[in-house]
Amino acid sequence: MSQQVSPRGTFLKVADALKARVAADPDMTELPSLAEVMRDHKVSRGVALRAFGVLRQEGMAEPAPGERWRVVRSGVRIDRRPLDQRIADIITAEGLVVGEAFPSASALADRFGVSRPTVTKALEKLETAGVLAGGGQGKVRTVRAVPAREERS
C-alpha cells in the first residue's frame, strides 16, 4: 500500500484536465465520451461522471440527450432542442414535400455529429408521429406529412 491518497479528489483532477483541454481548443464543441475519459484517466465511471458534474456546475458543459456532453461557451448559440425536432426541421428548411425521399440515417448522423443509433431513435419517433414513412433495412424513408411550425408569442 505505497500509494498515497490524493488530498484533492481524483474527479477534481479529471475535471481540471478537461477544463484545460477545453481552454486549449476554442473549436471544441463537445467533451470526450465517458468511455474515453475513463480510459485516458484510468478512472471509474463514477469518477468520470463526477468530473462532468463539476463542469456542469461551473457552467462549462451540459449534457445533451443522445449525444456527448456539449461545451458551453459564452456568446455561442446552440440549438438545444431534441434531435427529432431538429431532424424534422429539415423538411421545411429544404422544402421537402410529401412523398419525397428523406436523407439517410448515415447522412443525418454526419450532419448532426451523432451516432447512427441515436439518429435511428429520432427517426422512429418521427415515424410514430406520422411525419415520416418507410425506412428500415435498405428502404428509403419518405416524407409523410409536413410538420406545422409552432407559433411562439
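Inspect the range 115-130 for any residue being part of a loop (DSSP other than H, G, I, E, B), at pLDDT below 85 and surrounded by 11 or more Cβ atoms within 10 Å (Cβ to Cβ) and give the result as yes or no. Yes, that holds for at least one residue. Would you call G59 assigned to a loop (DSSP other than H, G, I, E, B) and either of a type in the set (D, E, K, R) or over 25 Å from L18 (Cα atoms) (or both)? For G59, the condition - assigned to a loop (DSSP other than H, G, I, E, B) and either of a type in the set (D, E, K, R) or over 25 Å from L18 (Cα atoms) (or both) - is not met.
On inspection, P82 qualifies as closer than 30 Å to A15 by Cα and open to solvent by 20 Å² or more (accessible area, probe 1.4 Å). Could you check the range 93-107 and list, in sequence order, the residues that are assigned to a loop (DSSP other than H, G, I, E, B), of a type in the set (G, A, S) and open to solvent by less than 60 Å² (accessible area, probe 1.4 Å)? If the condition is that a residue be assigned to a loop (DSSP other than H, G, I, E, B), of a type in the set (G, A, S) and open to solvent by less than 60 Å² (accessible area, probe 1.4 Å), then G95, G99 are the ones that fit.
Name the single residue, out of those in the range 27-45 being free of Cβ contacts under 8 Å to residues at least 24 places away in the same chain and not aliphatic (A, V, I, L, M), that is farthest from R86 (Cα to Cα). Checking each candidate, the answer is K42.
The values are calculated or read from the model by the stated rules, or taken from the named source; none is laboratory data. Keep in mind the model is a prediction, meaning the values are calculated, not measured. Every residue, glycine among them, receives a Cβ derived from its backbone with ideal geometry; neighbour counts consider all protein chains shown. The area values use the complete protein model at the heavy-atom level, side chains included, leaving out ligands, DNA and RNA. Shrake-Rupley method; radii C 1.70, N 1.55, O 1.52, S 1.80 Å.
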